[in-house]
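Everything below concerns the one structure shown next.
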Amino acid sequence: MVDLKTLIAERIYDESLGLEAAEIASMIEVPQDEKMGDFAFPCFRLAKTLRKAPPLIAAEIAERISGEECFARVQQVNAYVNVFIDREFVTGELLKDILSEGEWGGCNDGEGKTVVVDFSSPNIAKPFHIGHIRSTVIGNAICNLYRKTGYNVVGVNHLGDYGTQFGKMIVAYRKWGSEEELEKEPIKALLGYYTKFHVEAEKHPELNDEARDTFVRLENGEPEEYALWEKFRELSLEEFNRVYRMLGITFDSYAGESFYSDKMPAVIEELKDKGLLVKSEGANIVDLDEYGLGAALITKSDGSSLYATRDIATAIYRKNHYDFYKNIYVVASQQNLHFKQWKKVLELMGYEWEKDCIHVPFGLVSLEEGTMSTRHGRVVFLEDVLNNAVEKTRVIMEEKNADMPELDEISREVGIGAVIFQELSNNRIKDYVFSWDKVLNFDGETGPYVQYTHARACSVLRKAGITEEELGASAEIKTEYLTGESAYALVKLLYQIPQVITDAAVKYEPSILTRHLVDVAQSFNKFYHDEHILVDDEEERTAKLALVAASKKAIRECLAILGIKAPERM
């Protein structure tokens, strides 16, 4: 699609200005007041080169480029050249681009570069609860944003399948568990054992020592401990994958913390060799006090490993294995200190690529009745949230149209879409309180509203008896029928989508796209109400249907980036 800033810059360019076209394009602004044009070029910087007052320079440039057919009007206002793009020109370029074959909205900025995205990463043998949805859907959206902008993306589920908690779980299972109970409801049974362990450990602290010893045996590969750990892992993955299937999320790697257990001794040796490892109360640490980051714990006094050890080994492996351009971690803001310490240790080890390791933090989820706690068994299972959303949606749809075809599938797409969209609609760093009423509210700026807009566009095309593909292959669209205010407002929002996608990727912020998508849906519905689309005049009808089809495709593509389906009926 034609880049309008580049187009304007090419028209403004002249050797006498002392600027390349790319520099001119970078200086072009979008005025807040639409009355001041679609774009504005400030001339202050040219005053020294041309030895003229900026307003005079602006007047000369405006006069020189005002005859271009792609500009409706060019005017000088003080030191600015204000450019009004010809509506027919930009609409024609946009429709041609969107309705061409294949996907739309992306770019090839990341061609030849690999991005690793570490996200979701639940703990084995613990519930996949509502708190995990943030990393899961934010991470999936970031993967899709980077794929859309041309990167080779490796989605990694860095499973929490290692650590002292497995010593606790094995001890609890041996004391209070049963094979039958475990097979029937694996995660709920394991949660019960884990909860009971902490209750009993308050009365019998020696249980904690037993758990630590058990984990050390697991790290050393003792067959009995390893067999139980492997069983817990397999049962947990079966449960997790059921939720991932509901969300439509897949991973390229499930290499969890345990995968790096044989790679940690080399890291510890390297830290020793580089003089970074210090003994402190029996434990091994890297002292980061001079950087205001305290002590990074590397191994405990009993020799067992910690998060920092495993994350250093993981980062080194990923750089060697994937040669990443970026290594992104979608992990809650609670871990900010850990990531600062870990990055500083990598830097001190001499790894310049540590700057390419990015922590993308997000706010926490709490319940209306208080903070979630796996130890105390106070959680909301994510699968229950998704199933409830689907059931609620089905009830609403049955009330509207009990005979709707594919009711089950559409209820599933809309219900799960509502949960995902709600998660991605606010700035990721904000904390929030989980509320059933908010998640399942389908009014206002929600996922179901955007999905309904897509279904409405599909309905218009069905009534017209024409497809998106047929409109894309049709002869020249008469864009003079699309110059009205509501049509052009929609065109401008559609035109911005590729840049919005790029911005959302660069800032690791899916909500930028989510909010823009709501604006597109609202603008489409205004166009739908303001314009009579299925008119008798064939040229006018075709032009308006082309804008409907372009909107439909753009909404579908954007929903897909967010991990949400776009039903054709609702």
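The values are calculated or read from the model by the stated rules, or taken from the named source; none is laboratory data. Small disclaimer: the values here were computed from a predicted structure and weren't measured. Methodologically, a virtual Cβ is constructed for each residue, glycine included, from the backbone with ideal geometry; neighbour enumeration extends over all protein chains shown.
Tell me the residue from Arg147, Arg134 that is in contact with a strand residue (DSSP E or B) (Cβ under 6 Å, 6 or more places away or on another chain), assigned to a helix (DSSP H, G or I) and of a type in the set (D, E, K, R), please.
Being in contact with a strand residue (DSSP E or B) (Cβ under 6 Å, 6 or more places away or on another chain), assigned to a helix (DSSP H, G or I) and of a type in the set (D, E, K, R) holds for just one of Arg147, Arg134, which is Arg147.
Which of the residues that make up region 245-273 are part of a loop (DSSP other than H, G, I, E, B) and under 16 Å from Ala315 (Cβ atoms)?
Once the filter is applied, which keeps residues that are part of a loop (DSSP other than H, G, I, E, B) and under 16 Å from Ala315 (Cβ atoms), region 245-273 yields Ala255, Gly256.
Leu19 is checked against (1) part of a loop (DSSP other than H, G, I, E, B); (2) under 29 Å from Glu485 (Cβ atoms); (3) out of contact with any strand residue (DSSP E or B) (no Cβ under 6 Å at 6 or more places or on another chain) and fails just one. What number does that condition carry?
Going through the list (1) part of a loop (DSSP other than H, G, I, E, B); (2) under 29 Å from Glu485 (Cβ atoms); (3) out of contact with any strand residue (DSSP E or B) (no Cβ under 6 Å at 6 or more places or on another chain), Leu19 breaks only (2).
Collect the residues in region 514-565 that are in contact with a Leu (Cβ under 9 Å, 6 or more places away or on another chain) and under 16 Å from Gln422 (Cα atoms), keeping them in residue-number order.
Thr514, His516, Leu517, Asp519, Cys558, Leu559, Ile561, Leu562, Gly563, Ile564, Lys565
With (1) part of a loop (DSSP other than H, G, I, E, B); (2) surrounded by 14 or more Cβ atoms within 10 Å (Cβ to Cβ) as the list, and Lys5 as the residue in question, which single condition is left unmet?
Status for Lys5: all satisfied but (1).
Does Val500 fit the bill of being over 17 Å from Leu94 (Cα atoms) and under 18 Å from the mean Cα position of the chain (by Cα)?
Taking the combined requirement at face value, the residue does not satisfy it.
Kindly provide the set of residues from region 515-540 that are under 26 Å from Phe362 (Cα atoms) and in a loop (DSSP other than H, G, I, E, B), ordered by number.
none
When you scan region 67-81, how many residues do you find that are among the acidic types (Asp, Glu) and in contact (Cβ under 8 Å) with a residue 24 or more places away in the chain?
Residues that pass the stated criteria total 1.
Select, from Asp530, Asp537, the only residue that is more than 20 Å from the chain's Cα centre (by Cα), more than 28 Å from Ile142 (Cα to Cα) and free of Cβ contacts under 8 Å to residues at least 24 places away in the same chain.
Numbers: Asp530 fails: free of Cβ contacts under 8 Å to residues at least 24 places away in the same chain.
Every option except Asp537 fails the conditions.
Between a residue in region 448-461 that is closer than 18 Å to Leu424 by Cα and any residue that is part of a helix (DSSP H, G or I), which pairs come within a Cβ distance under 6 Å, given they are 6 or more apart or on different chains?
Hits for this filter: Pro448/Val414; Pro448/Ala418; Val450/Leu517; Val450/Ala521; Gln451/Val414; Gln451/Gly417.
Just the residues that are surrounded by 19 or more Cβ atoms within 10 Å (Cβ to Cβ) and closer than 15 Å to Glu60 by Cα, please, taken from region 12-22.
Listed by number, the list holds a single entry, Ile12.
Suppose we filter region 97-127 for residues that are in a strand (DSSP E or B) and crowded, with 20+ Cβ neighbours inside 10 Å; how many remain?
Number of matching residues: 5.
Take region 62-81 and flag every residue that is over 16 Å from Leu17 (Cβ atoms) and either acidic (Asp, Glu) or outside any strand (DSSP E or B) (or both).
Ser66, Gly67, Glu68, Glu69, Cys70, Asn78
Kindly indicate whether any position in region 158-181 is under 30 Å from Glu111 (Cβ atoms) and buried (at least 22 other Cβ atoms within 10 Å of the Cβ).
Yes, region 158-181 contains a residue that is under 30 Å from Glu111 (Cβ atoms) and buried (at least 22 other Cβ atoms within 10 Å of the Cβ).
Please pick out the residue among Lys438, Lys430, Lys400 that is under 24 Å from Leu513 (Cβ atoms) and free of Cβ contacts under 8 Å to residues at least 24 places away in the same chain. Steps first, answer last, please.
Values: Lys430 fails: free of Cβ contacts under 8 Å to residues at least 24 places away in the same chain; Lys400 fails: under 24 Å from Leu513 (Cβ atoms).
Answer to the selection: Lys438.
Residues Ile501, Ile497, Ile512, Ile477: which one is of a type in the set (Val, Ile, Thr) and assigned to a loop (DSSP other than H, G, I, E, B)?
Within the list Ile501, Ile497, Ile512, Ile477, the selection yields Ile477.
Filter region 289-330 for residues that are of a type in the set (A, V, I, L, M), at pLDDT 95 or above and in a loop (DSSP other than H, G, I, E, B) and give the result.
Correct list: Leu293 only.
Taking Leu237 and the conditions (1) surrounded by 13 or more Cβ atoms within 10 Å (Cβ to Cβ); (2) in a helix (DSSP H, G or I); (3) not assigned by TED's automatic domain parsing to the domain that holds His129, which numbered condition does it fall short on, given that it satisfies the others?
The single condition Leu237 does not satisfy is (3).
Taking Gly472, is it touching a helix residue (DSSP H, G or I) at 6+ places or on another chain (Cβ under 8 Å) and under 23 Å from Gly102 (Cβ atoms)?
yes
Identify all residues within region 150-177 that are within 30 Å of Lys319 (Cα to Cα), part of a loop (DSSP other than H, G, I, E, B) and either under 15 Å from the mean Cα position of the chain (by Cα) or not hydroxyl-bearing (Ser, Thr, Tyr) (or both); write none if there are none.
Across region 150-177, the qualifying residues are Gly150, Tyr151, Asn157, His158, Leu159, Asp161, Gly163.
Could you tell me whether any residue of region 78-96 is surrounded by fewer than 22 Cβ atoms within 10 Å (Cβ to Cβ) and closer than 30 Å to Ile316 by Cβ?
no
Say whether the condition of being part of a loop (DSSP other than H, G, I, E, B) and either modelled with pLDDT of 90 or more or buried (at least 19 other Cβ atoms within 10 Å of the Cβ) (or both) is met by at least one residue in region 408-425.
Within region 408-425 (the criterion being part of a loop (DSSP other than H, G, I, E, B) and either modelled with pLDDT of 90 or more or buried (at least 19 other Cβ atoms within 10 Å of the Cβ) (or both)), the answer is yes, since at least one residue qualifies.
If you check every pair at least six apart or on different chains, which have Cβ atoms under 8 Å apart with a residue in region 482-500 that is more than 13 Å from Asp530 (Cα to Cα) and assigned by TED's automatic domain parsing to the domain that holds Ile533 first and a residue that is among the small types (Gly, Ala, Ser) and assigned to a helix (DSSP H, G or I) second?
Leu493/Ser523; Leu494/Ala550; Leu494/Ser551; Leu494/Ala554; Ile497/Ala554
Could you tell me which numbered condition Arg462 fails, if it satisfies all but one of (1) in a loop (DSSP other than H, G, I, E, B); (2) over 29 Å from Tyr146 (Cα atoms); (3) modelled with pLDDT of 90 or more?
Exception for Arg462: condition (1).
Looking at (1) in a helix (DSSP H, G or I); (2) out of contact with any His (no Cβ under 6 Å at 6 or more places or on another chain); (3) of a type in the set (Val, Ile, Thr), can you tell me which one Ile555 breaks?
(2)
Can you tell which of Leu337, Leu297 is farther than 19 Å from Thr164 by Cα, surrounded by fewer than 19 Cβ atoms within 10 Å (Cβ to Cβ) and not charged (D, E, K, R)?
Values: Leu297 fails: farther than 19 Å from Thr164 by Cα.
Residue meeting the stated conditions: Leu337.
Do the conditions hold for Phe215, that is, is it touching a Ser or Thr at 6+ places or on another chain (Cβ under 7 Å), part of a helix (DSSP H, G or I) and aromatic (Phe, Trp, Tyr)?
So Phe215 fits the description; yes.
Here is a check on your reading of the model: is Glu445 among the acidic types (Asp, Glu) and assigned to a helix (DSSP H, G or I)?
no
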